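Quick notes on the structure that follows.
The values are calculated or read from the model by the stated rules, or taken from the named source; none is laboratory data. Remember, predicted model here, so these are calculated numbers, not experimental data. Here the Cβ positions follow ideal geometry from the backbone for every residue, glycine too, while neighbour counts run over all protein chains shown. We work out accessible area using only protein heavy atoms, side chains counted, and drop any ligands, DNA or RNA first. Shrake-Rupley method; radii C 1.70, N 1.55, O 1.52, S 1.80 Å.
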Amino acid sequence: MPTQTLLRETNRSLDNTSRPGRPGLDELVPSRYAQKVGDIDVLVVSDGVLSLPGEMLGHNADPAIRAAWLKDMFLPPDTLEWALNVVVVRSGDRTILVDAGLGADPDLNLPRAGRTVQRLEAAGIDLGSVTDVVLTHLHMDHIGGLLVDGVRDRLRPDLKIHVASAEAEFWESPDFSRVSMPPGFPDALRRASKRFLKEYRSQMRTFDAQHEVAPGVVVQRTGGHTPGHSVVRLASGGDRLTFAGDAVFQVGFEHPDWFNGFEHDPEEAARVRVNLLRELSTNRESLVATHLSFPSVCHVAVDGDAFRWVPGPWEY
Ligand SMILES: [Zn+2]
């Protein structure tokens with residue numbers, strides 16, 4: 001390439017920084033990552049980042065040990081920068097959106113998240129091409145994208161939304177007695193789930209223990225985080241990948257017994273986490289999770305009586 005052209009190209013790409021309200025093709029930092037699992041296409045899409053109080057990562061942990069962990073991770077002592085990932089899965093003739101990001105809730109002051117819809121567009125995925133939505137659970141950061149103005153009208157009328165029956169039941173009268181969320185969150189979560197159930201009930205397809213959404217794509221209820229929390233297991237051609245939703249957080253490898261502030265049944269959530277991490281370390285499959293750093297594709301290793309996060313190499 002002649003020098004002038006190269007300079008022009010370089011200048012243009014340097015100029016293409018992310019602009020609020022205009023995330024898309026011109027973003028400097030990539031917001032999507034594609035991976036194959038046998039014949040299944042997987043695309044991890046970043047909804048953005050949530051800034052939450054540090055104590056949320058383990059409200060049953062000794063504050064000094066929690067602060068030391070944050071320091072060891074080169075994180076600030078009081079703020080947890082939480083990635084927020086969704087996944088698009090293509091298998092057979094189905095295009096499946098797994099979770100939908102935060103959407104918009106200006107009351108909660110989380111301006112760096114809620115970009116799923118624009119980023120799907122930037123990835124060339126038309127909302128009208130989505131045949132199925134799988135919801136790991138009905139917390140706002142997983143359903144909010146479906147509540148953004150105008151989104152419902154762009155979705156197919158025959159869209160199927162798969163969610164565990166226990167989850168739909170739970171949100172009829174949710175129990176927040178065991179959570180430790182920042183002020184304002186319980187009300188916002190109640191509002192969002194109520195609105196979701198009202199607007200989308202006719203499209204919901206509930207399942208009890210598990211359901212095969214497409215060839216090799218199985219949604220499986222775990223409970224714990226919420227009573228109907230589910231994970232998505234992908235298997236094709238000897239390859240396996242699990243999207244763990246909120247069963248696993250970054251700190252959960254080293255401290256699987258720390259209670260996350262958003263867990264409605266923390267003891268059960270910890271049991272679910274340990275069982276899942278143990279299984280993934282044994283069968284050596286890939287893990288992707290909502291709140292692990294983008295693109296979050298990793299493996300799980302056993303490390304003494306806890307676990308170790310082993311990030312996967314980027315596959316260019
Ligand atoms: Zn979440």
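In summary, R22 fulfils each of the numbered conditions (1) touching a strand residue (DSSP E or B) at 6+ places or on another chain (Cβ under 7 Å); (2) at pLDDT below 90 with the single exception of condition (1). Selection over segment 266-309 of residues that are open to solvent by 60 Å² or more (accessible area, probe 1.4 Å) and assigned to a loop (DSSP other than H, G, I, E, B) gives a count of 4.
Of the residues making up segment 228-264, those that are over 16 Å from D305 (Cα atoms) and more than 15 Å from the ligand (Cβ to nearest atom) are R233, L234, A235, S236, G237, G238, D239, R240, L241, T242. Scanning segment 138-196 for residues that are outside any helix (DSSP H, G or I) and closer than 21 Å to T206 by Cα yields a count of 17. The single residue among A188, A192, A168 that is more than 16 Å from the ligand (Cβ to nearest atom) and either open to solvent by less than 90 Å² (accessible area, probe 1.4 Å) or without any contact (Cβ under 8 Å) to a residue 40 or more places away in the chain (or both) turns out to be A168.
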